[in-house]
Amino acid sequence: MAGTTVADDGAVLHAFTEAMVDLGAEPDSDRMGAALDHVQATMGSSKIEVFRALSDTEEEAVEANRRFEAAYADAVAAEGAAPVPGAEEAMAALRESGVKVCLTTGFSAVTRDLLIDALGWADRVDLVLSPSAEARGRPYPDMVLVAVLRLGIDDVREVAVAGDTASDLLSGSRAGAGIVAGVLTGAHGRAELDAAPHTHILDRVADLPAVVSGT
């Protein structure tokens with residue numbers, strides 16, 4: 001969602017920074033720098049898994065994730081949420097052509113639903129998924145495969161996965177999706193996306209319907 005269909009403007013990194021400061025990391029410290037480097041490299045992954053990699057204990061990771069989600073929710077409440085230009089039109093075009101639309105995210109279900117409500121997207125998509133006990137987050141293929149099952153897709157090769165991070169592309173490729181498209185509106189640039197398995201690199205998600213239709 002963030003960076004692919006939802007405009008980010010640095011909100012995710014800001015929320016990570018706030019969470020790390022709350023846990024005692026100095027803003028200009030080596031610890032903070034290393035943490036933000038890791039966060040940037042793993043954008044798109046499950047947020048709790050990112051904090052597990054940065055924390056000494058499970059309790060610390062859970063608390064850091066809680067503070068991150070709270071900081072991000074505060075930002076959405078204060079500033080609202082906005083779609084990436086062309087995202088809503090792309091989703092509408094896909095559904096009008098008979099394609100089912102699923103949004104996946106590394107956010108928890110609570111934060112995900114907060115975003116969906118803020119954007120008014122409940123009726124614009126067919127399914128929304130977050131990492132859970134039954135489905136690991138990206139870069140694992142689980143959420144793509146869960147979408148295939150829940151939406152009744154006959155062949156995973158008929159699936160198109162689009163995202164702004166290398167984790168998105170790894171997830172789609174590992175699931176066996178027929179289209180795996182990186183989009184250049186979010187966390188990772190062309191170099192990072194080119195280095196991950198993909199079928200297309202797009203300027204924005206608005207270009208996806210044309211790729212799906214083959215036009």
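Each reported figure results from applying straightforward, stated rules to the coordinates on display, with no laboratory input. All figures in this text were calculated on a predicted structure; none of them were measured in a lab. Cβ: placed from backbone, ideal geometry, glycine included. Neighbour counts: every protein chain shown.
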Candidate values (i) 28, 18, 16; (ii) 25, 21, 16; (iii) 73, 21, 12, label of the one derived for semi-axes √(5λ) of the Cα gyration tensor in Å: (i)
Distant-in-sequence amide H partners of residue 136 (H built 1.01 Å from N, under 5 Å): 142
Whole-Hz ³J(HN,Hα) from phi, Karplus 6.51 cos²θ - 1.76 cosθ + 1.60, for the stretch 192-200, glycine and proline x: 5, 6, 4, 6, 9, x, 7, 10, 8
Under Karplus coefficients 6.51, -1.76 and 1.60, residue-wise ³J(HN,Hα) of the stretch 45-56 in Hz, glycine/proline x: 7, 4, 5, 5, 5, 4, 5, 5, 5, 9, 10, 8
Interchain or long-range residues, amide H under 5 Å from residue 161's placed H: 179, 180, 181
Rounded to 5, percent antiparallel among DSSP beta bridges of the chain: 10
Under-5 Å amide H pairs with residue 104, H placed in peptide plane, nonlocal only: 129
Alpha-carbon centroid distance for the pair the stretch 168-215 / the stretch 79-134, whole angstrom: 17
Which of 198, 14 has the fewest Cβ neighbours within 10 Å, and the rest in rising order: 14, 198
Per-residue HN-Hα couplings for the stretch 91-108 [Karplus 6.51, -1.76, 1.60; θ = phi - 60°; Hz; x = Gly/Pro]: 4, 5, 5, 5, 5, 5, 8, x, 8, 7, 10, 10, 9, 10, 7, x, 5, 5
